[in-house]
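The structure under discussion appears below in the form of structure tokens.
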Amino acid sequence: MSLLPLISCNKSGWPDGPRRQQESDMMRNSRSDMMKRTMVVGALALLLGACSSVPKELAYEPENQLVAYQPALGGMEGKPARWSGVISAVHNKADQSVIEVVYLPLKSNGVPEQTEQSPGRFLAIMKGFVDPTLYAKGRSLTVLGTLGQPVDSQIGEHKYRFSVLNVTGSKLWPPVKEVEVRYMDPYFYDPFYDPFWPRRPLRR
């Protein structure tokens, strides 16, 4: 009687045991890879959704047509824009309200960045009356609208040309404590201007 163990073979002559083990390992690895890919795709979807989720009143498509902020921006009347910043003043007129805003850069979700510097200001024109108590000085604001013609005015005794945005949608945010404003005078160029020279911050 033979002492060799009985080993079942398939038609090709190879033992069934190692082949079955190999097939089992391949199936297990395949399931593991599929789960990993599913988790990665899900995480990316959540991340992209969080990054692009702006309030509905600020939504605009396609976003690549939105005009970026520039001081004294002219020649772009009627173009769409979405800007944000900190309210500096509110002027209520007979049929509209003019909100003076210290510009701050936008995050991808529409919230103003908490920076300590600003390239300038703009005027947000809203139809009707807005309550200065709600749109108070220091309140963060993001507005969506179309560009109007720049307006020449003053900040204190300083002549200033404001970019203008006719508002179609807006969102108020928690206030920002302090913003430093470096004004760009559209009527004057100083070749000796040093952008890194310290300036006093604007306090409210």
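Just so you know, all these numbers are worked out from the coordinates, no wet-lab data involved. All figures in this text were calculated on a predicted structure; none of them were measured in a lab. Cβ coordinates were reconstructed from backbone atoms using ideal geometry, including for glycine residues, and neighbour counts include every protein chain displayed.
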Take region 69-95 and flag every residue that is of a type in the set (Gly, Ala, Ser) and part of a strand (DSSP E or B). ALA81, SER84, GLY85, SER88, ALA89
All positions within region 71-84 that are on the phi < 0 side of the Ramachandran plot and buried (at least 16 other Cβ atoms within 10 Å of the Cβ): PRO71, LEU73, MET76, PRO80, ALA81, ARG82, TRP83, SER84
